[in-house]
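The values are calculated or read from the model by the stated rules, or taken from the named source; none is laboratory data. None of the values given here were measured: they were computed from a predicted structure. Every residue, glycine among them, receives a Cβ derived from its backbone with ideal geometry; neighbour counts consider all protein chains shown. Accessible surface areas use protein heavy atoms only, side chains included; no ligands, DNA or RNA. Shrake-Rupley method; radii C 1.70, N 1.55, O 1.52, S 1.80 Å.
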Amino acid sequence: MSNQPTQQWGSRLGVILAVAGSAVGLGNFLRFPGNAAENGGGAFMIPYFLALVFLGIPVGWAEWAMGRYGGRKGFHSAPGIMGIWCKGAWGRYAGVLGVLIPLGVYFYYVLIESWCLYYFWKYCTGGIGLDAATDVQTVQVPKTHGFFGDVVGAAEHGALFTNGLHPVLVAFVITVVCNVWFVYRGLSKGIETVCKYAMPVMALLGIVILVRVLTLGAPAGTTGQTVNDGLGYLWNPNFDKLWDFKTWVAATGQIFFSLSVGFGVIINYASYMKKKDDVVLSGLTASATNEFFEVVLGGLITVTASVVFVGVLLTSQATGGSMSLGFKTLPMVFAQMPGGNLFGAAFFLILFLAAITSSLSMLQPTKAFFEEALGIDKVKSTTLVTVWGLLGNAFVLWYSKGLTALDTIDFWVGSFFIMVVATVQIIAFGWIFGLERGIQEAHEGAQLRIPKLFQFIIKYVSPVYLIVVIVGFCITNLPDSVKADGSIASGYWSKVLNDADTQRTWWFLLVTILGLVAITFVGARRWRAQGLDLDGQLPAKD
Amino acid sequence: MLATLNALGWTFMLLSISCVSALTFWCFKKVLFPAHDEPNLPPGLGP
């Protein structure tokens, strides 16, 4: 343990908004609608809600209960807490992934956050230079894509640093300073305060933009397509897609990416709660808030506006699991929309707020891990997490060609490892710690009881569901596949074996993992010397 | 594949949005206005 006084949340609403703020991010506004449109529209909601009920909510409840229990035993990091629940060192080292995920995702997420800030600034100062009168396909598409490629430095490695520093680097510095400052201020004064203001502002701006989009009709001089066409593109169900396993994998991936379960964040946040705080209702409320932003705001705004102004073809080219809809397509929408710069600025402000409430949650678990494993104070832990984060940011910023580094970290850390951690957590909760004890722990101070049906789901359905999805995820993403035009698309496995950029990123990740494992080893020695119950053999203090 | 929102699309959209909105509203109602146990009434009062 460090010598710092134990931190606590200021209020129950504060912790709910902080967790919801962590969950509500770019994925809600950009990734969800693209995924839904590409994977069966309305029919996508069937596997999506099944994944929410069978995985998202149960794993979330388990993680909240694990975190609070670990906090009562004096631990606030995933390695410490998972060691208790797994009753052994293997759980502690599996818990290293619960630190790697927030830290690794922070490596690239803060860059995307700075793109949002940069776009926001551009829209506040006149837009990105698109002329609505020019042809969309021949002029606006190349210009928008070119602008985005320039901002991310996609042309070559180090592109942002050659020919003078790119202005997006200023946005990056501001973003990093904001993140570090709020994390340094601590849970209640920093993260909780930001989320208490940012979440309502986001909801309000989102509803204003939603009303504007739904009242667009069919604006003159555009594609002639209406709001009904945009909604039809996203929501009309295509039941054939339900027979495609990829749809189920995409729906599950979306739930995990979106809810922040298995991410290492909830377990850390919940560890600062008191024994009588309600983790069942808090967990459900945070999940429901995230779903509101995702389904209601994310599901109605972006794709609908995009279809109305630039048509189905361009919209469909930008959908899928990527964020390109926001940066490559929506600028053309704002160029043609009356008051487009104002709505563009508002939209990118929402994205920035959504992103910063998420990125703050990525630094906090790592900071807490450094404090308790190394016994250092908050100044040193903040410095260490800042330096480590900057090294990762610098790596992704420099190796920007084709966004391979970003893409590789996103795939392995931001998708694959999350499912692995969630699997370990649900097995630890239902089988190792014991379902009855786990449920009893979750029910401490709870207004709501976890229904018996969910107890069955946690024990049997969720672990099997997760294992099937992980196998499916590997089958659909790792091997090479044949595209519709007959060409071969490289799977992630062949990229690891053959692509130098991917290999370099893997080496970087490996060094990061080894560093975190070494710190966990040092921490375990300290915790043992302090007489802490790091293998979960004793009951928790009240 | 342009298609105006059809009846099934409406159904999926409205069902999804109303379920999510109702759950969010219900949760926040519980969080902001927690139910308290009935107070112990003095003898002679109450039914």
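Consider A:Gly232 against the criteria (1) more than 14 Å from chain B (Cβ to nearest Cβ); (2) touching a helix residue (DSSP H, G or I) at 6+ places or on another chain (Cβ under 7 Å): it satisfies all of them except one. Which criterion is unmet?
Just one mismatch for A:Gly232, condition (1).
Which condition from (1) within 14 Å of chain B (Cβ to nearest Cβ); (2) open to solvent by 10 Å² or more (accessible area, probe 1.4 Å); (3) of a type outside the set (Gly, Ala, Ser); (4) touching a Ser or Thr at 6+ places or on another chain (Cβ under 8 Å) is the one that A:Lys276 breaks?
Result: A:Lys276 fails condition (4) only.
Residue-by-condition table, conditions (1) closer than 28 Å to A:Thr408 by Cβ; (2) outside any helix (DSSP H, G or I); (3) open to solvent by less than 70 Å² (accessible area, probe 1.4 Å):
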position: A:Glu441; (1), (2), (3): no, no, yes
position: A:Arg449; (1), (2), (3): no, yes, no
position: A:Gln455; (1), (2), (3): no, no, yes
position: A:Val464; (1), (2), (3): no, no, no
position: A:Phe473; (1), (2), (3): yes, no, yes
position: A:Ser494; (1), (2), (3): yes, no, yes
position: A:Trp507; (1), (2), (3): yes, no, no
position: A:Arg526; (1), (2), (3): no, no, yes
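Of the residues A:Ser381, A:Ser400, only one is over 28 Å from A:Lys73 (Cβ atoms) and either buried (at least 19 other Cβ atoms within 10 Å of the Cβ) or touching a strand residue (DSSP E or B) at 6+ places or on another chain (Cβ under 6 Å) (or both); which?
Only one candidate qualifies: A:Ser400.
So which residues in region B:1-21 are open to solvent by 80 Å² or more (accessible area, probe 1.4 Å), in a helix (DSSP H, G or I) and either facing chain A (nearest Cβ under 7 Å) or in contact with a Ser or Thr (Cβ under 8 Å, 6 or more places away or on another chain) (or both), if there are any at all?
B:Leu8
Being without any contact (Cβ under 8 Å) to a residue 40 or more places away in the chain and closer than 26 Å to A:Leu510 by Cβ narrows it down to one residue among A:Ser494, A:Ser415; which is it?
From the options A:Ser494, A:Ser415, the qualifying one is A:Ser494.
Report yes if some residue within region A:29-41 is within 13 Å of another protein chain (Cβ to nearest Cβ), open to solvent by less than 10 Å² (accessible area, probe 1.4 Å), more than 25 Å from A:Phe433 (Cα to Cα) and of a type in the set (A, V, I, L, M); otherwise report no.
Looking for residues that are within 13 Å of another protein chain (Cβ to nearest Cβ), open to solvent by less than 10 Å² (accessible area, probe 1.4 Å), more than 25 Å from A:Phe433 (Cα to Cα) and of a type in the set (A, V, I, L, M), one finds at least one in region A:29-41, hence yes.
If I ask for residues that are outside any helix (DSSP H, G or I) and away from chain B (no Cβ under 13 Å), which ones from region A:279-320 would you list?
Once the filter is applied, which keeps residues that are outside any helix (DSSP H, G or I) and away from chain B (no Cβ under 13 Å), region A:279-320 yields only A:Gly320.
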